[in-house]
1. Which value at 222 nm does the chain reach when only helices count, each DSSP H run of 4 or more adding -39,500 (n - 2.57), with the total divided by all residues and rounded to the nearest 500 deg cm²/dmol?
2. Would you check the accessible area of Lys233, probe 1.4 Å, heavy atoms only, in square angstrom rounded to 10?
3. Considering the options Ala508, Ala87, Pro363, tell which one lies farthest towards the positive end of the dipole of the chain, charges being +1 on Lys and Arg and -1 on Asp and Glu at the Cβ, about the Cα centre.
4. For segment 322-447, with only Lys/Arg (+1) and Asp/Glu (-1) charged at the beta-carbon, what is the dipole magnitude about the Cα centre, in debye rounded to 20?
5. Take the Cβ-Cβ distance between Asp41 and Leu120 as r, set R0 to 30 Å, and report the resulting FRET efficiency rounded to the nearest 0.05.
6. Figure the gain on full extension for Ser334 and Arg520 (residue separation times 0.36 nm, minus the Cα-Cα span) and round it to one decimal in nm.
7. Note down the magnitude of the dipole of segment 80-210 about its Cα centre, charges +1 on Lys and Arg C-beta and -1 on Asp and Glu C-beta and zero elsewhere, to the nearest 20 debye.
8. Any of Lys382/Lys436; Lys370/Lys511; Lys180/Lys233 with alpha carbons more than 27 Å apart? Name them for me.
Amino acid sequence: KELHKLINSVDSCVDEALCGLVRASGGLSLLRGHRVVLRADLDNLKGKVALLSGGGSGHEPAHGGYLGAGMLSAAVAGGVFASPPPASILAAILCLHHAGASGVLLIVKNYTGDRLNFGLAAEQARNHGVLVDMVIVAEDCAFDQPSKAGRRGLCGTIFIHKLAGALAEEGCPLDQIVSKVTEVLKGIGTLGVSLSPCSVPGCLPSFDLPPGDMELGLGEGGWKDASADELVKTMIDHITNPDSQSHLPLKSGDSVVVCVNNLGALSCLEMAVVTGAAIICLENRGVVVARVMSGSFMTSLEMAGVSLTLMRADQETLRLFDAKTSAPAWPNLSSVCVSGRSYITDPQAVSPRPHADTHSEGPLSPVMRKALERVCSTLLEKQEELNSLDRAAGDGDCGNTHAQAAKAIREWLQDHVVPDCPGQLLSVLAGLVQEKMGGSSGALYSLFLTAAAARVTEGLNNNENDCLYGGADPGDRTMLDALCPAVDELMKLTTAPPVGQMAVLQNAVQKASSGAESTRNLTAMAGRASYIAAERVTLPDPGAMAVAAILRAVLESLEGQK
């Protein structure tokens with residue numbers, strides 16, 4: 001089925017996108033009557049080589065985002081995934097020529113339509129007396145045996161914009177720029193992989209991918225679902241495979257610039273994972289990673305996928321790569337070599353927690369150990385149930401955060417004695433949940449346990465800390481709706497005779513359960529559920545349910561030991 005897109009109309013979307021790009025930047029302007037974006041400061045081109053690139057739309061920020069001092073002078077856009085018409089390319093060339101450029105370099109990706117249209121415009125421009133030359137980027141490593149059409153021009157084109165732009169800014173003549181980037185092009189290779197197709201506005205998705213399948217090389221050969229590390233290794237192996245006619249020769253000791261390019265729909269989190277994997281994979285081969293750029297540089301609409309571009313780089317290439325540019329889509333990169341840098345900072349030593357390692361067992365130890373074990377197994381059993389309650393009004397991870405705490409406590413129980421002093425145990429638990437549980441639940445439990453550890457001997461109610469720091473009150477549809485009634489009941493332990501203590505515990509658990517159940521009918525006033533329309537929040541609060549389950553587990557454990 002056709003994907004819904006946030007546009008006004010299929011026919012006008014390219015023009016409106018170009019208008020949006022230009023309106024948002026003080027350094028760009030539009031050439032009237034053409035889909036051509038120009039540098040607004042054309043006067044600064046006098047006596048220098050001007051750079052023109054372009055191609056189909058849908059690959060943003062390429063190429064309009066790369067205009068500025070030190071990069072492109074103009075970019076011409078076609079329809080979505082369609083080559084631009086020669087009349088617009090010629091209009092752009094003539095505009096640059098009339099601005100006083102000493103020559104115009106066309107940077108063209110190796111697609112038949114682009115070659116024909118840019119080539120035709122170049123011939124026409126020569127007839128107008130313009131000094132024009134063309135560099136064709138064809139750095140795709142997907143095909144072992146490229147067809148007659150040859151290798152496609154992909155994200156490596158951005159590197160050529162940058163290097164040629166730096167040379168032009170320095171006043172380098174056209175023929176020298178051409179010979180320099182032609183040499184650099186031999187050391188660039190790109191490979192893409194897609195996890196889902198994209199769809200051109202007004203059309204169906206461009207291809208079908210069964211769930212869990214990937215396309216390696218963007219449309220060539222299906223590939224089964226893999227981890228980021230496996231995928232990156234496969235991609236780099238393919239790019240550098242000497243048996244392939246389109247490989248990039250890369251040996252240990254070579255220095256490279258890496259571009260990890262989001263094809264449109266990968267999250268920043270995935271991009272960072274893939275970027276880390278690429279750096280490690282290359283370093284494991286003895287390759288020096290000099291620079292890394294990671295982000296959306298040449299996309300394919302909303303395709304979920306990534307391309308990797310590697311460029312062999314000597315000091316001169318790095319100098320040009322690092323040169324300043326005002327192009328809005330060029331990232332603010334560090335010019336420090338990525339490999340060989342110490343990138344871990346050790347934390348300042350913190351004084352150990354009081355009683356951290358001086359626990360001694362006693363008669364209470366086995367009782368508390370059994371209770372803790374029961375709590376952990378309960379939380380792990382209820383993981384999916386809590387997640388599902390949380391999906392209704394939160395982000396669906398309440399069960400996971402409680403399970404993380406349970407696993408951390410289990411792990412601790414394996415290697416440590418349970419202290420006879422409940423205060424010490426509460427202090428240890430506070431530290432564990434703070435470190436391992438995460439989320440607001442982790443902070444709230446840690447606050448509660450820390451306060452409880454300090455006051456366990458004083459018999460004081462310490463819920464006010466959760467209210468003070470968490471901003472919630474009983475009745476706000478949070479974990480406090482189970483915790484507060486239970487704690488109020490447990491306060492009776494200070495005056496109850498030993499025979500009546502179990503009954504107090506049972507009542508406290510009952511109060512927690514009914515408090516949790518009552519959250520069904522409460523309007524959320526705090527926590528994530530408060531952002532959701534009340535009529536959609538009809539299940540009990542997962543945090544309150546977790547508290548009730550924990551207290552019940554403690555009670556059952558104590559009943560089992562009677």
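1. Details: 17 runs with 238 residues, N = 562.
Computed ellipticity for the chain at 222 nm equals -13500 deg cm²/dmol.
2. Lys233 has an accessible surface of roughly 110 Å² with all protein chains in place.
3. Among Ala508, Ala87, Pro363, the one farthest towards the positive end of the dipole of the chain is Ala87.
4. Computed about the Cα centre, the dipole is about 140 debye.
5. Efficiency, rounded to the nearest 0.05: 0.55.
6. On the way: separation 186, 0.36 × 186 = 66.96 nm, distance 5.20 nm.
Contour length minus Cα-Cα distance gives 61.8 nm.
7. 140
8. Pairs exceeding 27 Å: Lys180/Lys233.
The values are calculated or read from the model by the stated rules, or taken from the named source; none is laboratory data. Keep in mind the model is a prediction, meaning the values are calculated, not measured. Backbone-built Cβ (ideal geometry, glycine too); neighbour counts: all protein chains shown. Side chains are part of the model used for accessible areas, which takes the heavy atoms of the whole protein and leaves out ligands, DNA and RNA. Shrake-Rupley method; radii C 1.70, N 1.55, O 1.52, S 1.80 Å.
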